[in-house]
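The values are calculated or read from the model by the stated rules, or taken from the named source; none is laboratory data. For clarity, every value in this text was computed on a predicted model and none was experimentally measured. So basically every Cβ, Gly included, is an ideal-geometry build from the backbone, and we count neighbours across all protein chains shown. The area values use the complete protein model at the heavy-atom level, side chains included, leaving out ligands, DNA and RNA. Shrake-Rupley method; radii C 1.70, N 1.55, O 1.52, S 1.80 Å.
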Amino acid sequence: MAAREGKCQICGELKTLTRDHLPQQALYPKTIRHFVKNFNVVQACVECNNSAKVVDELLKVFVGLVGDAPWKEELNKSVDSTINKNARIARMIEDNSRVEDLKAKDGATVKGRVLKWPKGKTDDLIQAFERIVKGLYFQRFGEVLVETHELSVFYPNVIHPDLYKELDDALMAGDWQSINQGTVNYCFVHINHGDTVCVINLYENIEFCFCIRPKNWRNRSE
């Protein structure tokens with residue numbers, strides 16, 4: 001199939017477009033991909049697609065360690081394979097984790113590795129989720145997010161209680177969408193005098209919140 005020229009849905013540049021799986025297909029072990037029908041795909045330039053491959057590996061490991069996937073065993077095997085092949089990620093986990101006694105779902109005590117995610121790597125994870133938001137934003141609104149807006153992560157537990165309630169009420173009434181066989185759920189809601197919030201939930205227990213504001217929001221009058 002011939003390459004198609006067009007506007008990249010991630011960066012907005014007019015370039016040769018490729019099919020980019022967002023959320024990243026690496027989050028799903030090859031052994032279970034036939035269970036996940038119609039992977040979500042965006043049209044991204046080669047640069048945006050290829051530049052994320054290293055970060056995608058890190059995201060895969062993070063999701064495999066903490067995600068409550070229905071195919072957890074297969075995901076663990078896939079993550080172990082990635083760690084064994086990537087000395088840098090293996091060293092990061094070894095240097096930033098420890099083995100502790102943990103409570104299993106049945107109440108039993110089991111040995112488990114607890115990872116304190118390094119700050120620099122947390123920034124990489126946020127970058128990976130930002131790519132997902134940009135792709136979903138284009139699919140939802142038909143616009144390239146970065147052309148008119150800024151994107152930033154935030155943590156609901158540290159915002160003002162009134163704003164938290166406003167956000168919680170908006171999300172309760174929001175139009176939640178599911179993709180990738182229901183393993184990813186997301187919602188865009190408008191709050192706080194025009195700001196937009198996107199919440200992405202992956203495998204039910206991994207959630208990131210992003211604020212989307214117009215580029216000139218700092219210049220708006222008080």
Query raised in the report: Scanning the stretch 1-48 for residues that are in a loop (DSSP other than H, G, I, E, B), under 22 Å from ASP124 (Cα atoms) and among the hydrophobic types (A, V, I, L, M, F, W, C), which turns out most open to solvent (accessible area, probe 1.4 Å)?
Result: CYS11
Report summary line: Listed by first then second residue, the pairs whose first member lies in the stretch 38-61 and is among the basic types (Lys, Arg), whose partner is in a helix (DSSP H, G or I) and open to solvent by less than 20 Å² (accessible area, probe 1.4 Å), with beta carbons under 7 Å and at least 6 positions apart or on separate chains, are LYS60/LEU27; LYS60/VAL79; LYS60/THR82
Report summary line: Note on the stretch 1-37: residues among the hydroxyl-bearing types (Ser, Thr, Tyr), closer than 21 Å to LEU136 by Cα and in contact (Cβ under 8 Å) with a residue 40 or more places away in the chain are TYR28
Report summary line: Of (1) closer than 22 Å to GLY64 by Cα; (2) open to solvent by less than 30 Å² (accessible area, probe 1.4 Å), ASN185 fails just (2)
Query - Selected residue (criterion: farthest from VAL133 (Cα to Cα)) from residues of the stretch 145-160 that are surrounded by 10 or more Cβ atoms within 10 Å (Cβ to Cβ) and hydroxyl-bearing (Ser, Thr, Tyr) - result: THR148
Report task. Mind listing just one residue for me: the one in the stretch 68-105 that is acidic (Asp, Glu), closer than 17 Å to LEU27 by Cβ and without any contact (Cβ under 8 Å) to a residue 40 or more places away in the chain and, of those, least open to solvent (accessible area, probe 1.4 Å)? Result -> ASP80
Report task. Looking only at the stretch 56-66, decide whether some residue is of a type outside the set (Val, Ile, Thr), closer than 22 Å to GLY182 by Cα and in a loop (DSSP other than H, G, I, E, B). Result -> no
**Report entry** Among the residues listed as LEU163, LEU167, LEU171, LEU202, the single one being crowded, with 19+ Cβ neighbours inside 10 Å and over 30 Å from GLU13 (Cβ atoms)
**Finding:** LEU167
Query raised in the report: What number of residues in the stretch 49-67 are in contact with a strand residue (DSSP E or B) (Cβ under 8 Å, 6 or more places away or on another chain) and open to solvent by 60 Å² or more (accessible area, probe 1.4 Å)?
Result: 2
Report task. Go through (1) in a loop (DSSP other than H, G, I, E, B); (2) within 30 Å of GLU100 (Cβ to Cβ) and name the single condition CYS209 misses. Result -> (1)
